[in-house]
Structures are given as structure tokens and as C-alpha cells.
1. Based on what the data block shows, is Thr124 closer than 26 Å to Gln239 by Cβ, among the polar types (S, T, N, Q), more than 41 Å from the chain's Cα centre (by Cα) and at pLDDT 95 or above?
2. Going residue by residue through the range 110-133, is there one that turns out to be among the acidic types (Asp, Glu), under 28 Å from Asn211 (Cα atoms) and loosely packed, with under 15 Cβ neighbours inside 10 Å?
3. Exactly one of (1) surrounded by 15 or more Cβ atoms within 10 Å (Cβ to Cβ); (2) touching a residue at least 12 places away in the same chain (Cβ under 8 Å); (3) more than 22 Å from Gln239 (Cβ to Cβ) is unmet by Trp137. Its number?
4. (1) without any contact (Cβ under 8 Å) to a residue 12 or more places away in the chain; (2) more than 15 Å from Cys138 (Cβ to Cβ): which one isn't true of Val201, the others all being true?
5. Identify the residue in the range 90-116 that is at pLDDT below 95 and of a type in the set (A, V, I, L, M) and, among all such residues, is farthest from Pro127 (Cα to Cα).
6. Could you count how many residues in the range 140-164 are surrounded by fewer than 19 Cβ atoms within 10 Å (Cβ to Cβ), over 15 Å from Gln218 (Cα atoms) and without any contact (Cβ under 8 Å) to a residue 60 or more places away in the chain?
Amino acid sequence: MKKILFIILTALLIIGSLLVGCRDDNNKHLEKIQLLEDELTNCKKEIEQRNIQDSITNVEENIRQEKEIVEAAKKKAEEEAKKKAEEEAKKKAEEAKKKVKEENVIENEWYTDVNQAINLSVQTKKPLFFFFTGSDWCGWCKRLQKEVFFLPEFKKWANQNVILVELDFPRRTQIDEATLKQNRELAQMFGVRGYPTIWFVNPEITGEKVNFNKLGSQGYVAGGPKAWIVGANKILKNQ
């Protein structure tokens, strides 16, 4: 009986020690599990932080790229605007230069020899432009020249449309007798009573005789070359 009890007690001790060992192992496993869970949590937090940082970095990169695009577009627009302004300025400068050149180049030739002007009129089929004037005393004649005849717009029109003839009646300036005689005869023929008077005529040569086909006359017209040319063009339509 004692032997059986001894065996039972021994078995109980062995079982007890096994149970204590299992409890310790379980505790160790639980601690490891807790450590792993903590590590997992920390990893998740770190991953989240990295993702947030990556997102921030991506957003910042996108902003930087957009800024570069905007700056590039702005620079391109500024360069195009500058180029356009330079081209316009260059064009205006060229136009101004061309205008000045035309103004400097266009010079009208005023004939005083009517026979020479008649021959040229017949050759070019342009009417004669008889300008009856008093060059050194007629104020209205000088005003007409200053406001119309000396300006580029009239010079250009005259070169294209008429043969200019000056028929002068000065009071102080001397002119040769032949020219003075020619001018007086023409003034009488056209019934000139005042100055300035301009007659537009087409010469018609029959043998040795010259007839003048009168188109119309005009004097001083206020409004500069544009207004004067409008009136002249109306007369020339009668050709």
C-alpha cells in the first residue's frame, strides 16, 4: 500500500511539474505573440507614415512640375509678345521709313514752256494742269501751294494724273518776254480774272494748230490735299 501511494505521489509530482512547465511555455509564447503584435503595429504605423510622406512628396513633385509648366508657358507668352511687339515696331519703322523716302523722292516737275508740256501731254495722254499764279505777291496762291501742292499726297496724285504747268505773273521777279507773252495769251484765252486759277485741259493738235479742250477749273479749296484732289478728280471725269 505504501508502495502504491509512493507511486501515486511520484506521478502527481511529475504531472505537476509538467503542468508548471506548460504554463511557463504558454506565457513565453504569449509574450512573443504580444511582441510580434506590437512590432506589427509599429510596422503598420511606419508604413502609414511612409505612405503619407510618399504622398506628400508626390504632391510636392506635382506642384513643382505644374509650376515649371506655368513658368514655361509664361516665358513663352512673354517671348511671343516681345517678338510680336518687335515685329510690329519694325514694320512701323519700315513703313515710316518708306513714307519718308517716298516723300523725299516724289518731286513734281513744273513746266513753264507750254509747247513742251503739250507734247508730253499727248505722249502720256495726261491732261494739262494750268496753274495761273502770282508767285511773289499772291497770298492765296502761296497758301494753296503750302497747303496742297507742296505736300506728298498731291505730289503723288499729280505724277499719276496730270502734266503740271506754271503760268506765272510776278510783280517783282523778272521772267523772259516770250514766257510772259505766252502766259498772257493763255490767261486771256481762259478768261482768268483772279489768282490762283487752275484749268484742266486736253490739248488737241490739228496740223500746226493746237486747240485746248477745257475740262474744268478750280481755285483755292480749304481742307488740304484730300479735299482739293476730290474736286480735281470730279473735273477729270469729264475727259
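The values are calculated or read from the model by the stated rules, or taken from the named source; none is laboratory data. Model, not experiment: these values are computed from the prediction. Quick reminder, even Gly has a Cβ in these numbers, built from the backbone with ideal geometry, and neighbours come from all protein chains shown.
1. Judged against the criteria, Thr124 is not a match.
2. Yes, some residue in the range 110-133 is among the acidic types (Asp, Glu), under 28 Å from Asn211 (Cα atoms) and loosely packed, with under 15 Cβ neighbours inside 10 Å.
3. Every condition holds for Trp137 apart from (1).
4. So Val201 meets the others, but not (1).
5. Ala93
6. Summing the residues that are surrounded by fewer than 19 Cβ atoms within 10 Å (Cβ to Cβ), over 15 Å from Gln218 (Cα atoms) and without any contact (Cβ under 8 Å) to a residue 60 or more places away in the chain in the range 140-164 gives 7.
Conditions (1) surrounded by 10 or more Cβ atoms within 10 Å (Cβ to Cβ); (2) within 60 Å of the chain's Cα centre (by Cα); (3) at pLDDT 75 or above, marked per residue:
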site	(1), (2), (3)
Cys22	yes, no, no
Leu36	yes, no, no
Ile56	yes, yes, no
Glu66	yes, yes, yes
Glu71	yes, yes, yes
Lys75	yes, yes, yes
Glu88	yes, yes, yes
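Matching residues to (1) farther than 16 Å from Ala158 by Cα; (2) assigned to a helix (DSSP H, G or I):
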site: Lys181; (1), (2): yes, yes
site: Glu185; (1), (2): yes, yes
site: Gly191; (1), (2): yes, no
site: Tyr195; (1), (2): yes, no
site: Val201; (1), (2): no, no
site: Ile205; (1), (2): yes, no
site: Phe212; (1), (2): yes, no
site: Pro225; (1), (2): no, yes
site: Ile235; (1), (2): no, yes
